[in-house]
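Contents: one structure, followed by commentary.
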Amino acid sequence: MTTLEAGLRAAANGFAGELIFADDPGYDELRRIWNGAIDRRPTLIARCTSAADVAAAIGLARANALPIAVRGGGHSIPGHSAVDGGVVVDLSRMRRVEVDAERRIAVAEGGALLADLDAATQQHGLATTGGLVSHTGIGGLTLGGGMGWLARKHGLTCDNLLEVELVTAAGEIITANAEQHPDLFWALRGGGGNFGVVTRFSYRLHPLGPVFAGSVIYDGADAASLFRRFREFGAGAPDEVGQVLVLTTAPPAPYIPESLRGRPAVIIAGCYAGPAEEGERVLDPLRRLGTPVVDQFQPMPYPVLQQTIDPMSEHGLGRYLKASLHEEIDDPTIDLLIEHKQATPSPFAMVMVTAVGGAIARVPADATAYAPRSARWAVEFHDSWLPGQDGAAAREWTRAGSRQLPAPVVGSYVNFLIDEGPEAAYPTPTYARLRQVKQDWDPDNVFRLNQNIAP
């Protein structure tokens with residue numbers, strides 16, 4: 001046991017969770033995060049069970065001048081939920097969700113995953129906007145904004161946030177909402193994890209029964225016409241429609257015809273956030289943009305929809321992405337996206353285009369720290385690689401695609417940023433206000449392992 005470890009153990013008297021050091025069982029498993037390209041070795045993993053534990057862990061780190069990483073679901077692509085030689089404030093034991101069905105409010109602990117939130121709320125026929133992968137942590141998703149199938153109908157996840165319990169850099173446990181600490185509450189809705197550790201989120205819920213949703217797979221030879229028809233459908237779609245187009249390589253899955261496996265494919269996925277019977281009618285044109293090879297649209301429980309992309313998002317692969325937000329996608333941009341996807345031999349590379357707008361755009365740009373409200377499309381370049389492989393080619397393909405796009409009219413989404421710097425996600429007035437809130441609540445920049453907003 002090192003002197004530092006001994007000192008940390010001694011100073012943690014009263015900590016109710018677990019302190020995990022490098023020689024403890026489970027250390028290597030607990031230090032891993034979703035992005036397999038990140039391999040970091042913290043001095044201490046503090047597995048918290050309460051806000052008091054979080055405050056104690058922050059105090060331990062600060063007293064020993066150790067950097068702090070905060071881990072919820074561990075989905076930070078740049079690896080902000082891991083740290084070399086520091087303290088990981090691990091919230092994975094704090095996953096309880098309570099639902100007040102009469103008031104349509106869910107209260108979830110900071111380490112809850114989307115699957116936890118969806119399971120609890122759907123018991124009452126309720127839901128709020130979440131992401132697209134069920135093992136995503138609600139913390140990072142909400143604090144960055146939160147896009148998902150319900151966003152065009154009900155707004156971003158942060159638009160449905162009513163209140164938080166937060167542990168400050170000074171170790172104080174506070175409540176922030178529209179009346180208490182309103183500037184801090186404004187910043188938490190889109191400003192990321194810069195201002196403290198949220199240990200409890202309260203959300204507004206909406207009625208939602210089984211949805212009509214799924215995906216169709218088309219031959220990639222028809223990508224240009226399919227993309228244009230997808231764009232035209234989205235231009236007139238009601239807010240209830242969520243839609244995604246993916247340029248990809250057809251996997252060797254049993255449901256894929258052998259003739260398409262390993263060849264370019266177009267996946268178009270959709271969801272109707274309303275009655276399933278109505279959704280089948282509204283989404284029918286999305287299923288007939290061409291001649292589908294596979295059609296997996298059907299009525300399904302919302303939590304099942306939330307898990308459909310999980311097989312493409314397993315833990316352990318190396319991952320890299322670049323993304324931007326746009327008001328329009330013109331024909332030359334469509335052609336560019338298709339050509340760039342076809343230029344890589346990687347079976348994991350994909351271009352994803354998601355329809356946004358709707359209720360997101362009706363929130364004033366200065367109402368929350370999430371400001372790019374006028375965006376209608378999110379464009380993402382993703383590539384992955386197997387453990388032990390070199391990710392250099394995947395990173396370069398991803399960067400090159402992003403460089404070729406026309407300058408985004410709207411900007412970027414902070415949860416999509418890698419190394420661009422936080423300024424890329426915020427207009428100048430928004431960023432200036434965020435810096436002032438940071439100065440008020442974390443003047444020493446204790447919470448700096450994030451898309452860091454300097455005091």
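Coordinate-derived values only; no laboratory data. Small disclaimer: the values here were computed from a predicted structure and weren't measured. Don't worry about glycine lacking a Cβ; one is built from the backbone with ideal geometry, like all the others, and counts go over all protein chains shown.
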Distance in nm between A11 and R40 label points, each 7 Å along Cα→Cβ, equals 1.9
Using a cut-off of 18 Å between alpha-carbon atoms, which aspartates and glutamates can reach K438, once sequence neighbours fewer than 8 places away in the same chain are excluded? E165, E172, D183, D366, E423
Dividing the mean separation of Cα pairs under 8 Å (6+ apart) by the residue count of the stretch 3-90 yields a relative contact order in percent of 32
Taking a ≥ b ≥ c as the square roots of the eigenvalues of the Cα gyration tensor of the stretch 245-378, is the shape rounded (a/c under 1.5), prolate (a/b larger than b/c) or oblate? oblate
Tally Lys and Arg at +1 and Asp and Glu at -1 over the other residues with C-beta under 12 Å from the C-beta of G17: what net charge comes out? -1
Could I have the simple spin-label model distance between A119 and D330, label points 7 Å from Cα toward Cβ, reported in nm to one decimal? 4.9
Counting only C-alpha contacts under 8 Å and six or more residues apart, can you give the relative contact order of the chain as a whole percent? 16
Cross-link partners among lysines for K341, C-alpha distance below 29 Å, same-chain residues fewer than 8 apart left out? K322
Sparsely packed chymotrypsin sites (Phe, Trp or Tyr not before Pro) within the stretch 229-337, loop by DSSP, other Cβ within 10 Å at most 10: Y255
Along Cα→Cβ, 7 Å out, is where each label goes; now give me the distance between the ones at T175 and E278 in nm to one decimal. 3.5
Compute the acute angle (0 to 90°) between the alpha-carbon long axis of helix 428-441 and the principal axis of greatest extent of the alpha-carbon atoms of the chain; round to the nearest 10°. 30
What number, in percent, do you get for the relative contact order of the stretch 211-416 if the mean sequence gap of Cα pairs under 8 Å and at least 6 apart is divided by its residue count? 26
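Please work out how much length the chain gains when fully extended from S259 to S346, using 0.36 nm per residue of separation minus the C-alpha to C-alpha distance, in nm with one decimal. Working shown, then result.
Working: separation 87, 0.36 × 87 = 31.32 nm, distance 1.86 nm.
Between S259 and S346, full extension yields an extra 29.5 nm.
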Classify the stretch 51-103 from the C-alpha gyration tensor, please: rounded if a/c falls under 1.5, else prolate or oblate depending on whether a/b exceeds b/c. oblate
